[in-house]
Every structure is written in C-alpha cells, then in structure tokens.
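Take a look at the structure below.
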Amino acid sequence: MSEPLLSIRGLTKIFGGLVAVDNVSFDVARGEVVGLLGDNGAGKSTLIKCISGVHASEEGEILFDGAPVAFASPMDARRAGIETIYQDLALANNLDVGANIFLGREVKTRRFGGLIQTLDDRHMRDQSRQTLDSLQIRFPTLTEPIEKLSGGQRQAVAIARAVYWEARLMIMDEPTNNLGVPEQHKVLELIRTLKGRGVPVILITHVMPDAFAVTDRVVVMHRGRKVAEKTTARTSAEELVQYMVGARNDAAA
Ligand SMILES: Nc1ncnc2c1ncn2[C@@H]1O[C@H](COP(=O)(O)OP(=O)(O)OP(=O)(O)O)[C@@H](O)[C@H]1O
Ligand SMILES: [Mg+2]
C-alpha cells in the first residue's frame, strides 16, 4: 500500500480544562473519502481546525505527504494544498464569485502603461467561469456578491476554489447543512468528482445517507475520542449511531 497523504498521530487539543480532541489517530489515503462522524460537541470541527491551521494542537503529530506539518494559518494550509470548507463557511460575503475563488491569491495586472497595479478581475472571472463550467456548476452571473447566492451555490464556489488551485486534500465540515435536496445532491456529486480526480476528502456530516452515499471509510468520535473506524461497506447506520451515542467503543476494549 502506498503511503497515506495525511496521517494524524495522537492529536490532542485542549480548551481551558476541556479536552476537545483526545489522542486521535487516523490516515487518509489518496483518492479516498473519509467520513468523520459524531454527535454535537464530539470534537469533529476542532480536529479538522487543528489540521487546517486554525488551532495549534497540544500534542500529537500531523504528517502531510510523509512530512510533519504545523500550519500557522488556514492560508498556510491552503498554500500546501489543504482546502477546508468550514461549517461557518469561509467565503467573503461582499465579494463576487471570482474574487472568492482567488481570495488571498489575487491576480494583479498593470494598467495605464504599467503605472498602476490593479486586480485583474476579468482574468479571475474568466478562470472562475472555466472551472465552474468544468464542474458543471452554473451561475447566471459571476458578478453578484456571494451573499446573494444560496447555500448550495456557496458550497459550489468553495469546491470550485479547491479544484482551481488543485487542492491535494479537501476537508468539508457539514457541507450539506441547510441546503435544499437538489443542492445536497450537487455537493455529493462534487465530492465524487474530487475523488475521481484523486483528491481525497474528509467529510464531516450528521447525515447518515450522505455518509453512506460517498465515503469509503468512516471515523466516529465521541467526547473527543475516536471510538470507531470502519469500512463504510462493512457497517450500518444502526451500528454507527451506537458508536456516536457512546453505547459502543472500540477504543475501550
Ligand atoms: N474555540 C473554542 N474554545 C473553547 N471551547 C471550544 C472551542 N471550540 C470548540 N470548543 C468546545 O470543544 C468541544 C468540541 O467542539 P466541536 O465544535 O469540535 O464539536 P463538533 O463535533 O464539531 O460538534 P458539532 O457537530 O455540533 O459541530 C465542544 O465542547 C465545544 O464547546
Ligand atoms: Mg462542528
């Protein structure tokens, strides 16, 4: 077997007296979709924020492509190829689609005989349009600010951003929350597209059918700990719920 793209070893994150993530280890292989499940407050968002440079962990190690990493910020992680869609989605509401895809990596151009440097909105919009087309995501216009878009369209923009910048790992925290049914299907389809391109995805979800629709493997957390790791095809929603509520725990054996 080839080396995992991401390897988390004994990760621990403490807030004051609360151990939000407690000695968690798991791997993510290339092209694999891994579900991260658990009840409210289980530590899922905190765990992925430790990976993506929002939080520094107290203990443990994160290996990305075989090398230890500790990202100082989400932008730092994005530069390394880890794109994260947070539960509280990290797009800039006042900017348009193109500007969001290029957020933090804006393309500039020189105007008036090179005297003035300005943002190359046209280039960014053209590139965004091409990426969205390649993913069969359709927007009537790319010049509307993000706040005018629906939740599903925002998810699509964030996914397009990952595709455009050739993310090597995509992390999605509850991406289908608050979406209509067609939009939920679109997000799942985009996850399959990423997988098809060899980009692994960590998918945090409360929605069992979503987990069964797209994941290869699932990791279940309960009160900060990893309590189960299963091949999706070899488990059931009933079994996973038992782990989520703490009725079963593989780590306690
Ligand atoms: N910045 C923070 N400061 C202090 N405590 C925090 C912080 N972020 C999270 N916590 C706490 O850490 C624990 C884990 O929270 P986390 O958001 O990771 O859970 P979760 O599994 O993502 O839950 P949900 O499914 O509701 O999103 C919770 O008890 C939460 O209150
Ligand atoms: Mg969360």
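The values are calculated or read from the model by the stated rules, or taken from the named source; none is laboratory data. Keep in mind it's a predicted model, so treat the numbers as computed, not measured. Cβ: placed from backbone, ideal geometry, glycine included. Neighbour counts: every protein chain shown. These area figures cover heavy atoms from the full protein model, side chains too; ligands, DNA and RNA do not enter into them. Shrake-Rupley method; radii C 1.70, N 1.55, O 1.52, S 1.80 Å.
Please go through the range 115-138 and pick out each residue that is under 18 Å from ASN93 (Cα atoms) and open to solvent by less than 60 Å² (accessible area, probe 1.4 Å).
MET124, SER128
Counting only residues that are touching a Gly at 6+ places or on another chain (Cβ under 6 Å) and more than 16 Å from ligand 2 (Cβ to nearest atom), give me the helices (runs of 4 or more DSSP H) lying completely in the range 27-138 with at least 3 of them.
Filter on the range 27-138 gives 74-80, 121-134.
May I ask you to say which residue of VAL33, VAL54 is β-branched (Val, Ile, Thr), surrounded by fewer than 21 Cβ atoms within 10 Å (Cβ to Cβ), under 27 Å from VAL207 (Cβ atoms) and within 17 Å of the chain's Cα centre (by Cα)?
VAL54
Which residue out of LEU203, LEU194 is assigned to a strand (DSSP E or B) and under 16 Å from the mean Cα position of the chain (by Cα)?
Being assigned to a strand (DSSP E or B) and under 16 Å from the mean Cα position of the chain (by Cα) holds for just one of LEU203, LEU194, which is LEU203.
Any idea how many residues of the range 9-48 are within 15 Å of ligand 1 (Cβ to nearest atom) and among the basic types (Lys, Arg)?
So the answer is 2.
For the list (1) without any contact (Cβ under 8 Å) to a residue 60 or more places away in the chain; (2) more than 19 Å from VAL214 (Cβ to Cβ); (3) of a type in the set (Val, Ile, Thr), I need the number of the one condition that ILE137 fails.
Only one criterion is unmet by ILE137, namely (2).
Residues of the range 139-176 being open to solvent by 50 Å² or more (accessible area, probe 1.4 Å), among the basic types (Lys, Arg) and either farther than 29 Å from GLY38 by Cβ or not in a loop (DSSP other than H, G, I, E, B) (or both), which ones?
LYS148, ARG154
What number of residues within the range 95-113 are on the phi > 0 side of the Ramachandran plot and open to solvent by less than 30 Å² (accessible area, probe 1.4 Å)?
Residues that pass the stated criteria total 0.
Among the residues of the range 188-241, count how many are modelled with pLDDT of 95 or more, within 13 Å of ligand 1 (Cβ to nearest atom) and not hydrophobic (A, V, I, L, M, F, W, C).
So the count comes out to 5.
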